[in-house]
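Scroll down for the structure; my scribbles are underneath it.
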Number of protein chains: 2
Amino acid sequence: MTENLILHEYSQSGNCYKIRLTAAHVGTPLERREYDIIKGETRTPDFLRNVNANGRIPVLQIGDRFLPESNAACVYLAHGTDLIPTERFDHADMLRWMSFEQYSHEPNIATLRFWLAFVGEDKLSEAQRDMLPAKRKAGEDALAVMDEHLSANDWFAAGRFTLADIALLAYTHVAGEGGFDLGRYPSVFRWVGRVQSLSGHVAIKA
Amino acid sequence: MTENLILHEYSQSGNCYKIRLTAAHVGTPLERREYDIIKGETRTPDFLRNVNANGRIPVLQIGDRFLPESNAACVYLAHGTDLIPTERFDHADMLRWMSFEQYSHEPNIATLRFWLAFVGEDKLSEAQRDMLPAKRKAGEDALAVMDEHLSANDWFAAGRFTLADIALLAYTHVAGEGGFDLGRYPSVFRWVGRVQSLSGHVAIKA
């Protein structure tokens, strides 16, 4: 029996998009429930008690079990498919790029997009405004690391399209909304086009 | 043939300790190479070109291949062992807690430890000093999420000791060096003792 899958999400979040893109590639339907993070809908007592004590989306609900963290949900959905290499080094290397995305890319590129395109620069706190230059620099550094890798490789891991590409595409392809110019990273720009032209691809606004 | 394994590390880093602890549990010897991150030894042109373009440790070298990111290295080392659940949900749930550690725990708890116990509060930049209260709050929130989970579970995933426990132990057991009081999180405190009493355990200073 297949358990019912519900994605608890804020649909414009790249972390949520990763999960929908994985589901599209493996052909798994997801029910979707939208929360407005700007209105604090993932910090309500009900959400914290019943969905995720960490107060964050996305959460993939599998029957009556709840799985937070975008990378974990993608691995769950892609279990046993070609999106997850099984060879020992390739598998670890996929996770390496997924970790890079969450640690060195998302906190900078996704955060600037959210602050500038969703919250609005005039509504940022002073503390947030003080963090803009460091996040700008760290985001550019992450794109440079990607560009260097992609100058010699078509994909991030295992020589083929894997969850690492899905994880990194999510916020990279909308990095312009945070003021990053992908024209400065030509190998990244071409890789975005490669991923978007794959059969099974869906857009973030789909 | 087994390839030679070299851990490029800063031994006091919890991210590096995770890898040594995993290696100890699976009985795999590691050669160790120390870099002083305070002196910028992971940002030299040689390191960036030959070890990790992202300028960070740990990096696990496997023969002539380089694997950055602590979680990826732990998964590589524990491949095919009981430290990695194979059941679909349990496996994803292990990754969920490892992602939580890198996204919600480490940037707060590890960073405060590094700033206060290694760099020194008087040597922090004004920007770093401004971030202390938010990182303090986020670190306490992460410990509270762990404490709630551990009040009803002995381990983080799969009902047994896995890489999720190793990943979360690394910076939790030294959180006091960043000014966090584990006495406020009794279930976390007991879980630290459970992990440290396992056969095969090694200390961060070993």
### Message
Taking the condition of being of a type in the set (Lys, Arg) and open to solvent by 60 Å² or more (accessible area, probe 1.4 Å), how many residues in the stretch B:112-134 meet it?
### Response
2
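Does any residue of the stretch A:77-93 turn out to be buried (at least 23 other Cβ atoms within 10 Å of the Cβ) and closer than 29 Å to residue B:3 by Cβ?
Yes, the stretch A:77-93 contains at least one residue that is buried (at least 23 other Cβ atoms within 10 Å of the Cβ) and closer than 29 Å to residue B:3 by Cβ.
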### Residues that are at the interface with chain A (Cβ under 8 Å from one of its Cβ atoms), assigned to a helix (DSSP H, G or I) and under 18 Å from residue B:30 (Cβ atoms), drawn from the stretch B:62-99
B:70, B:71, B:72, B:73, B:75, B:76
### Message
Being farther than 17 Å from residue B:157 by Cα, at the interface with another protein chain (Cβ under 10 Å from one of its Cβ atoms) and crowded, with 17+ Cβ neighbours inside 10 Å is the filter here; which residues of the stretch A:31-61 pass it?
### Response
A:55, A:56
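Inspect the stretch A:162-170 for any residue being among the small types (Gly, Ala, Ser) and either farther than 15 Å from residue A:100 by Cβ or open to solvent by 20 Å² or more (accessible area, probe 1.4 Å) (or both) and give the result as yes or no.
Let us first name the residues in the stretch A:162-170 that are among the small types (Gly, Ala, Ser), namely A:164, A:167, A:170.
This time we only want the ones that are either farther than 15 Å from residue A:100 by Cβ or open to solvent by 20 Å² or more (accessible area, probe 1.4 Å) (or both), so: none.
Checking the stretch A:162-170: not a single residue is among the small types (Gly, Ala, Ser) and either farther than 15 Å from residue A:100 by Cβ or open to solvent by 20 Å² or more (accessible area, probe 1.4 Å) (or both).
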### residue A:185 being without any contact (Cβ under 8 Å) to a residue 40 or more places away in the chain and within 14 Å of chain B (Cβ to nearest Cβ)
no
## Note on the structure
Residues of the stretch B:123-168 being more than 27 Å from residue B:80 (Cβ to Cβ) and either part of a loop (DSSP other than H, G, I, E, B) or of a type in the set (S, T, N, Q) (or both), in sequence order, are B:124, B:125, B:128, B:151, B:152
#### Entry: Residue in the stretch A:108-158 that is farthest from the other protein chains (Cβ to nearest Cβ), counting only those that are within 26 Å of residue B:133 (Cα to Cα) and of a type in the set (Val, Ile, Thr)
A:119
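Can you tell me how many residues within the stretch A:1-15 are open to solvent by less than 40 Å² (accessible area, probe 1.4 Å) and more than 17 Å from residue A:195 (Cα to Cα)?
Looking only at the stretch A:1-15, we keep the residues that are open to solvent by less than 40 Å² (accessible area, probe 1.4 Å), and these are A:5-11, A:13-15.
After this cut, where a residue has to be more than 17 Å from residue A:195 (Cα to Cα) as well, the list is A:5-11, A:13.
Number of matching residues: 8.
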### Task
Test each condition in (1) under 19 Å from residue B:131 (Cβ atoms); (2) buried (at least 23 other Cβ atoms within 10 Å of the Cβ) for residue A:99 and report the one that comes out false.
(1)
### Failed criterion for residue A:67 (all others in (1) open to solvent by 50 Å² or more (accessible area, probe 1.4 Å); (2) without any contact (Cβ under 8 Å) to a residue 24 or more places away in the chain hold)
(1)
### Task
Please state which of the following conditions residue A:27 fails to meet, knowing it meets all the rest: (1) away from chain B (no Cβ under 13 Å); (2) surrounded by fewer than 24 Cβ atoms within 10 Å (Cβ to Cβ); (3) modelled with pLDDT of 95 or more; (4) at negative phi.
(4)
### Query
Could you say whether any residue in the stretch A:34-43 is part of a helix (DSSP H, G or I), in contact with a helix residue (DSSP H, G or I) (Cβ under 9 Å, 6 or more places away or on another chain) and closer than 29 Å to residue B:60 by Cβ?
no
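Looking at residue A:137, is it open to solvent by 60 Å² or more (accessible area, probe 1.4 Å), modelled with pLDDT under 95 and within 24 Å of residue A:117 (Cα to Cα)? Show your work before the answer.
Numbers: open to solvent by 60 Å² or more (accessible area, probe 1.4 Å): yes; modelled with pLDDT under 95: no; within 24 Å of residue A:117 (Cα to Cα): yes.
For residue A:137, the condition - open to solvent by 60 Å² or more (accessible area, probe 1.4 Å), modelled with pLDDT under 95 and within 24 Å of residue A:117 (Cα to Cα) - is not met.
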### Query
What number of residues in the stretch A:173-206 are in a loop (DSSP other than H, G, I, E, B) and buried (at least 18 other Cβ atoms within 10 Å of the Cβ)?
5
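The values are calculated or read from the model by the stated rules, or taken from the named source; none is laboratory data. Please read these numbers as outputs of a predicted model, since none were measured by experiment. In this analysis, Cβ positions are derived from the backbone assuming ideal geometry, glycine residues included, and neighbour counts consider all displayed protein chains. Just so you know, the surface numbers come from the protein's heavy atoms only, side chains and all, with ligands and any DNA or RNA stripped out. Shrake-Rupley method; radii C 1.70, N 1.55, O 1.52, S 1.80 Å.
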